[in-house]
1. Dipole of the chain (Lys/Arg Cβ +1, Asp/Glu Cβ -1, origin at the Cα centre): which of Ile51, Ala98, Thr119 lies farthest to the positive side?
2. Based only on other Cβ atoms within 10 Å, what is the fewest-to-most ordering of Tyr133, Tyr100?
3. For helix 25-35, what angle does its Cα long axis make with the longest principal axis of the chain, in degrees from 0 to 90 and rounded to 10?
4. Determine ³J(HN,Hα), in whole Hz, for all residues of the stretch 74-86 in sequence, where each value follows from phi through the Karplus function 6.51 cos²θ - 1.76 cosθ + 1.60 and θ = phi - 60°; x replaces Gly and Pro.
5. Sort largest first and round to whole Å: the equivalent ellipsoid semi-axes of the chain, each the square root of five times a Cα gyration tensor eigenvalue.
6. Please list, by residue number, every one of the trypsin sites (Lys or Arg not before Pro) in the stretch 1-60 that is coil in DSSP and has at most 15 other beta-carbon atoms within 10 Å.
7. Lysine pairs in the stretch 8-141 with Cα distance under 29 Å, only those 8 or more apart or on different chains: how many are there?
8. Please order Ile42, Ile76, Ile82 by the number of other Cβ within 10 Å, starting at the fewest.
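Quick note: the coordinates plus some simple rules give every number you see, no bench work behind them. Nothing here was measured: the structure is a model prediction, and the numbers come from that model. Cβ sites come from the backbone with ideal geometry, for glycine too, and all protein chains shown count toward neighbours.
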Amino acid sequence: MGQAEQNVAEVMSKAVMAVELNTNAKECAKAMAKRGVSCAVITQGGSAVGIVTERDLVSKVLAENIDAKNVLVRDIMSTPLITVGPSASLTSAAEMMAQYRVRRLVVVDETGSLVGIVTTGDIARSLAEKHGYREATFNAMARYSEGETQGGPYQ
């Protein structure tokens, strides 16, 4: 018998970067850089309502030559928010990512509360581990290199 498939809760990040709806893009970007994350979940009154990614900051602020201090995240966030439950299988999470062409799913519990985030990288790391880090393709997607304890050359 094969082992049971992992669910989202087993691989998601529980420490989610979240900022309020009326935060400006510069403060959001600074907080993302400080935490070393590629996105921030946007909240309103404690509920997740959108997401701002590095791509949003580049394409909607920098590329348009807009001063990030003068833009609120509410105006550049991606919506609607694509969510998944913590008990969903990794396969179903991956299928949702493919269907909606996203790399991140916000994880919410049955009450709609934010409990984590799962990314394509999280799924890749799970696959790399499942295959004993013997598959170069999974290792590359998971950004795993044997013996490496730090990030790549572009840190």
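1. Looking along the dipole axis, the top candidate is Ile51.
2. Values: Tyr133 15, Tyr100 11.
In increasing order of surrounding Cβ atoms, one gets Tyr100, Tyr133.
3. 30
4. For the stretch 74-86, the Karplus-derived couplings read 4, 8, 10, 5, 8, 9, x, 6, 8, 10, 9, x, x Hz, x marking Gly and Pro.
5. Working: eigenvalues 167, 81, 31 Å².
Taking √(5λ) for each eigenvalue gives 29, 20, 12 Å, largest first.
6. Numbers: sites: Lys14, Lys26, Lys30, Lys34, Arg35, Arg55, Lys60; in loops: Lys14.
Passing both the DSSP loop test and the Cβ count: Lys14.
7. Step by step, the pairs that qualify in the stretch 8-141 add up to 14.
8. Ile82, Ile76, Ile42
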